[in-house]
1. For segment C:52-164, please list each of the helices (runs of 4 or more DSSP H) lying entirely inside it that holds at least 2 residues being within 11 Å of chain A (Cβ to nearest Cβ) and surrounded by fewer than 23 Cβ atoms within 10 Å (Cβ to Cβ).
2. Could you check, for segment A:128-143, whether at least one of its residues is part of a helix (DSSP H, G or I), away from chain C (no Cβ under 11 Å), in contact (Cβ under 8 Å) with a residue 40 or more places away in the chain and over 16 Å from the mean Cα position of the chain (by Cα)?
3. Do you know which of the residues in segment A:153-165 that are touching an Asp or Glu at 6+ places or on another chain (Cβ under 9 Å) and crowded, with 23+ Cβ neighbours inside 10 Å is nearest to the other protein chains (Cβ to nearest Cβ)?
4. If we scan segment B:125-137, do we find a residue that is more than 12 Å from every other protein chain (Cβ to nearest Cβ), basic (K, R) and in contact (Cβ under 8 Å) with a residue 12 or more places away in the chain?
5. Looking at segment A:206-265, which of its residues are within 9 Å of another protein chain (Cβ to nearest Cβ) and more than 16 Å from A:I42 (Cβ to Cβ)?
6. Here are some conditions: (1) at pLDDT 80 or above; (2) assigned to a helix (DSSP H, G or I). C:G182 meets all but one. Which one does it not meet?
7. Looking at segment B:143-179, which of its residues are away from every other protein chain (no Cβ under 14 Å), farther than 14 Å from B:V98 by Cβ and surrounded by fewer than 21 Cβ atoms within 10 Å (Cβ to Cβ)?
8. Criterion first (aromatic (F, W, Y), assigned to a helix (DSSP H, G or I) and more than 12 Å from every other protein chain (Cβ to nearest Cβ)) does C:F265 satisfy it?
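The values are calculated or read from the model by the stated rules, or taken from the named source; none is laboratory data. This is a predicted model, so every value here is computed, not measured. For neighbour counting, all protein chains shown are included, and Cβ atoms are generated from backbone atoms with ideal geometry for every residue, glycine included.
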Amino acid sequence: MTFLTVTPIFLVVGYIIWQGIPAISWEFLSGFPSDGMKDGGILPAIIGTFYLTIGTGIFAVPLGVGAAIYLSEYTQENSLTRLIRIAIINLAGIPSVVYGLFGFGLFVLFLNFGTSILAGSLTLAIMTLPVIITTAEEALRSVPQAFRIVSVSLGGTKWQTIRRVVLPQALPGIITGVILGLERAAGETAPILFTVAAFFLPRLPSSPFDATMALPYHLFVISTQVPGMPIKIQFGTALVLLVFVLSMNLIATIIRYRARARRQW
Amino acid sequence: MDNNKILVDNVSLQYSDGTESLRNVSMPIIANCINVIFGPSGGGKSSLLRLFNRLNDLADVIHIEGKVLLDGEDILDPSCNVIELRRKVGMVFARPVVLPMSIRENITYGLELAGEKRSSRLEESVERSLIQAALWDEVEDRLNDPAITLSGGQQQRLCLARVLANEPEVILLDEPTSGLDPISTLKVEDSLQHLKKEYTIVLVPHSIQQAGRIADQCAFFLQGKLIEHAPGYVIFTNPQNERTRDYIEGRYG
Amino acid sequence: MKKSPLSQEFIINTIIKSSGYSAIFFVGIIFYFLISQGLPALKMIDLTSLTSTRWYPIEGYFGILPLISGSIIVTVGATLIAVPFGIGTALFIAEIAPRWAREFLKPFVEILAGLPSVVLGFLGIVVLSPLLRNMLNLPTGLSAFTGSLLLGAIAIPTIVSVAEDALDAVPKEYRDAALALGATKWQTIWTVTLPAARSGVLTAIMLGIARSIGETMTVMMVTGNAPVLANNLSVFFSPVRTMTATIAAEMGEVAYGSAHYHVLFLVGIVLFVISLIVNITASAVVFTQTKRSEKLLS
């Protein structure tokens, strides 16, 4: 039964690669769309996804790691921390399209950011928060308690201990979690549908208040809304998105293995 | 006679899990000698030690009363500067816990916490404290290696050097040689004999024999209470209290 | 001794504390926002209309039932597929596979979990749908069935991760005891290991269900998007519309403040509440087993 689960992955990835490779060329990756999207390149979508991923990170990482530090280092388990954990579970369970709805209503309309990278990043950031908090907290908790005790006994304050010993040791685990969280954000479509995504925008975004194309949204539109779309370009776009996402996965895995090997405890 | 470095004044301590750790303990810690606190496990020895550097602030203490005077000032008072206290009163733990850094960085850690940035001062402290801990000869040409590459005995002496780098006045040692082989144990005990000339040592031994070897002053603790306090040779040759005598002779433990 | 300089750390401590509370804050504003934008729908449209069976907003028909039924059909189908495959795979990885194979298989499951749903939806349109149409002689390949297949594939990694953790956590002594009494490997699994991991496995299934209910893009791309209320089994092979797809498809075109706008938020509230219930129930079980909460989010 397992092989039925596992082999399709090979098939899926392999098929996309096989069908998509013909479309890949330097022009495709670096050029702009033309002819109503039926020709040309997808650079704006690639750049757009890139910016969105970075934007998500800028908001989600400080907030998420800060919350993880709070849960791991500053509190014991009490009713307040249980409330926080329930909130995190709720955030994790909200369907992605509801995030899109929320982002649309709050950031695009109410706060008047318009359809923009800013609105999209903020929405994706809140969505990514649970993953980052959970993996970061686990990384922090895995650092042996003895280190903290030693640091305090030498005259260290709580924050000094965190900054000098705990955080550096937890960093590989935190980074892995962040990358995996951002990988998911990069592949999501629903939250960006009405918060940032534009379809035919053959120029690069110049400010956070610009709308932009994005790979997942682009794939969605060209496979469902554009009649006569060359199948080669569809597969090519899918391949680029897949490579983007899977390479992040690979980087995170490499970091995880190397950190385990070099651990000093 | 006021060579009491620390004076414990009627201290009682209780943890949240109900274990009553110390009951009405009053005793002096004499300056510039090796003060040994021994007794069967659960007797409150570690709790007393951790009182001296307020490390049990980290644990679940629900009740504490009494005073602990270091050089005349009560360190249990809320206005006491705990950070300063911990630099003055350093601690070596039962298992050698080296920080995940190089040997050099382990030693300079305490000074850097205090804000010391001058590399001359830091380098000088590294050499000085390693010599004091009798470790310098063995590591002087690999100070940048990770501390984890040292042997168990070397790591423990590194922990001692780490404390010494902070230039403390009191050194607390909680069963410091419990994981070490006999040769490393003797090296540590030797260092303590030298160090007591400059510092005040408080030690919880991991065997009665160790207490017998090195104690200048000795305190016997049983179930949170101080049973007997006397110079080392007195307690081991002629204990006044029958429970002390029974314990030393191995009737229980 | 003078007062310690811990006051200097006050700023950083406050920042960290606020970060800690932020999760509560965000749940709060999301909930508040959904309610504030969704409740006006109840004022603008009466309840009987909302519970009617026609969803045709252009002409003022806002019956939510077809959407709910669409979501249920697709989720049920997905669960029927995902549970056997998912639990089976989890059993294989945890109990049967040799050590070296596990190091190999777990990353694979992780990769499957990381595949963007839009890519799977794309393959659904381009590959699966024509395939099914030809194989099963259907008028269209875009149906609840196609959606269920793909949703099942998406839910499998979630089920596998959590279930595998649960099975792994069963103490070795249980299995040893059963084997010592003469049970075969399979007997051990069925009568001892699986029941012992029961709550974790149930959690895994619930999280898989939650994942399916909340999935948007895949269903939007392959279920055909026809809001029809289910009245017999054949609907399984014809187009349906889920709640998620409805919001995604129509949000871009509504006028701010219109009845349609508010009703979409109302649908969002329904989704939010359903997911909440499923996730909290699942997590309550998890808390009692002190599992690694990371797996909840895979």
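1. Numbers: elements: C:65-91, C:99-114, C:117-123, C:129-136.
Output list reads C:65-91, C:99-114.
2. Kept after step one, since they are part of a helix (DSSP H, G or I), are these residues of segment A:128-143: A:128-141.
Checking the rest, the ones that are also away from chain C (no Cβ under 11 Å) come to A:140.
So of that shortlist, the ones also in contact (Cβ under 8 Å) with a residue 40 or more places away in the chain come out as A:140.
Next, only the ones that are over 16 Å from the mean Cα position of the chain (by Cα) stay: A:140.
The answer is yes, given that some residue of segment A:128-143 is part of a helix (DSSP H, G or I), away from chain C (no Cβ under 11 Å), in contact (Cβ under 8 Å) with a residue 40 or more places away in the chain and over 16 Å from the mean Cα position of the chain (by Cα).
3. Our first condition is that a residue be touching an Asp or Glu at 6+ places or on another chain (Cβ under 9 Å); within segment A:153-165, this holds for A:155, A:157-162, A:164.
Next cut, crowded, with 23+ Cβ neighbours inside 10 Å only: A:155, A:162.
Working: A:G155: 4, A:I162: 9 Å.
If we take residues in segment A:153-165 being touching an Asp or Glu at 6+ places or on another chain (Cβ under 9 Å) and crowded, with 23+ Cβ neighbours inside 10 Å, then A:G155 is nearest to the other protein chains (Cβ to nearest Cβ).
4. Yes; the residues of segment B:125-137 include at least one that is more than 12 Å from every other protein chain (Cβ to nearest Cβ), basic (K, R) and in contact (Cβ under 8 Å) with a residue 12 or more places away in the chain.
5. Result: A:T224, A:L246, A:M248, A:N249, A:T253, A:R263, A:Q264, A:W265.
6. With (1) at pLDDT 80 or above; (2) assigned to a helix (DSSP H, G or I) applied to C:G182, the lone miss is (2).
7. First pass over segment B:143-179, keeping only residues away from every other protein chain (no Cβ under 14 Å): B:143, B:151-154, B:157, B:175, B:177-178.
Narrowing further to those that are farther than 14 Å from B:V98 by Cβ: B:175, B:177-178.
Matches in segment B:143-179: B:E175, B:S178.
8. Details: aromatic (F, W, Y): yes; assigned to a helix (DSSP H, G or I): yes; more than 12 Å from every other protein chain (Cβ to nearest Cβ): no.
Taking the combined requirement at face value, the residue does not satisfy it.
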